Every structure is written in C-alpha cells, then in structure tokens.
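The values are calculated or read from the model by the stated rules, or taken from the named source; none is laboratory data. Here the structure is a predicted model, which means the values were calculated and not measured. As a convention, Cβ positions derive from the backbone with ideal geometry for all residues, glycine included, and neighbour counts pool all protein chains shown.
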Amino acid sequence: MRQPQRGVTFLGLIAVLALGLGAVLVGMQVFPTYTEFLAIQKAANKASSGSTVAEVRSIFDKATQIDYITSISAKDIQVSKQGEKVVVSFAYQREIHLVGPAYLVMKYEGTSR
C-alpha cells in the first residue's frame, strides 16, 4: 500500500510567502508612525512641566524640532489643568498608502502623564 504524500504544495507555499511579505511591507510602513507617536508622547510629557499655555506650547515646539516630529505641532495640542497638574492631550491621524486606492488610516491620541 502506498501512503499519500504530505506537505505543502508549491502554490500553497507561494501564497503563504506572498501573505507574509505583504504583512512585512505593511509593518515596515506602520513602525515609523508608531515610533513618532512615542516621540510625541514623550514631548507631551515634557511639555506638561510648563505652567502657562504659552510655555507648554513652547516646550512642545522645541521637543518636536529636536525629535523631527512632523505629524503634529504645538498649535494642535490641547492644554488643560486637572487640579494643580497641567495635562497635554493630542490626537492626529496618519494615512499609509497601500496599493491603488487603498489606504491604511492610523488614528493616534494620547495625554501626558
């Protein structure tokens, strides 16, 4: 008696590799937007040490220049107070072109700690 062959067909292997390559390519485009989000979060935490709105925006603007942040500027942040603590919050979105008319929209938002 012969045993049936086991394993992956050549077309199945090509399909799995294509899906894996697509996931890697999308991940390579998403990773820089996430690292920029972390830099914005760090700048918001740093800016919350200011005491006036103008001072907070100035600190945030300097941090965006140092970290090469281009997605958001000091005029896009909201500054509020909770008790005696200054809170800096932000929200923005990034579009990543995938293929043809398809885009991946990443929405980021955060507040200072």
Evaluate the range 92-103: report whether one residue or more is touching a strand residue (DSSP E or B) at 6+ places or on another chain (Cβ under 9 Å) and outside any strand (DSSP E or B).
no
Within the range 41-49, is there a residue that is without any contact (Cβ under 8 Å) to a residue 24 or more places away in the chain and over 15 Å from the mean Cα position of the chain (by Cα)?
yes
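Here's the yes/no breakdown for (1) touching a residue at least 60 places away in the same chain (Cβ under 8 Å); (2) of a type outside the set (A, V, I, L, M); (3) under 26 Å from M106 (Cβ atoms):
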residue	(1), (2), (3)
M1	no, no, no
A15	no, no, no
G22	no, yes, yes
M28	no, no, yes
T33	yes, yes, yes
S51	no, yes, no
A54	no, no, no
F60	no, yes, yes
Identify the single condition in (1) surrounded by 12 or more Cβ atoms within 10 Å (Cβ to Cβ); (2) over 21 Å from the mean Cα position of the chain (by Cα) that F60 does not satisfy, given that it satisfies every other one.
(2)
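This table checks each residue for (1) touching an Asp or Glu at 6+ places or on another chain (Cβ under 9 Å); (2) at pLDDT 95 or above; (3) under 16 Å from A39 (Cβ atoms).
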{"residue": "E55", "(1), (2), (3)": "no, no, no"}
{"residue": "A63", "(1), (2), (3)": "no, no, yes"}
{"residue": "S71", "(1), (2), (3)": "yes, no, yes"}
{"residue": "K81", "(1), (2), (3)": "no, no, no"}
{"residue": "A91", "(1), (2), (3)": "yes, yes, yes"}
{"residue": "H97", "(1), (2), (3)": "no, no, no"}
{"residue": "V105", "(1), (2), (3)": "yes, yes, no"}
{"residue": "S112", "(1), (2), (3)": "no, no, yes"}
If you go through E36, E55, the only one that is surrounded by 11 or more Cβ atoms within 10 Å (Cβ to Cβ), more than 21 Å from the chain's Cα centre (by Cα), closer than 26 Å to A91 by Cα and charged (D, E, K, R) is E55
